[in-house]
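The structure appears right after this line, and notes come after that.
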Amino acid sequence: MISEFNELSDKIGLLAEMTHALRRENAQLRKDNAALAAENAQYVQRMREAQERVEALLEKIPELVQAGLEQAASEAMAHAAENGKEA
C-alpha cells in the first residue's frame, strides 16, 4: 500500500513538472508569436508602401510614353529640317 502511494506521489510530481514545463513553453511560444506578428505587420506595411510606389509609377507610364513620342517627333522634324537645308 505504501509503495502504491509512493508511486502515485512520484506520478503526481512528474505531472507537476510536466505542467510547469508546458506552461513555460506556452509562455515562450506566446512571446515568439507576438514577435512574429509584429514582424509580419512590418512586412505588410512595407508591401503596402511598395505597392503604392509601383502604382504611382504605372500611372506615370502613359505620360512618359507621350513625352517620349513628342520628343521623338520633335527630333525627327529637326533632323528632317537639317537634311532639307543640306540638300
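The values are calculated or read from the model by the stated rules, or taken from the named source; none is laboratory data. If you're wondering where the values come from, they're calculated on a predicted model, not measured in any experiment. Because the Cβ atoms are built from the backbone with ideal geometry, glycine has one as well, and the counts that use them run over all protein chains shown.
Quick one: which residue in K31, K85 is at pLDDT below 90, of a type in the set (D, E, K, R) and part of a helix (DSSP H, G or I)? Within the list K31, K85, the selection yields K85.
One line per residue, one yes/no per condition, for (1) of a type in the set (D, E); (2) surrounded by 10 or more Cβ atoms within 10 Å (Cβ to Cβ); (3) at negative phi:
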| site | (1), (2), (3) |
| --- | --- |
| E25 | yes, yes, yes |
| D32 | yes, yes, yes |
| M47 | no, yes, yes |
| A56 | no, no, yes |
| I61 | no, no, yes |
| Q71 | no, yes, yes |
| H79 | no, yes, yes |
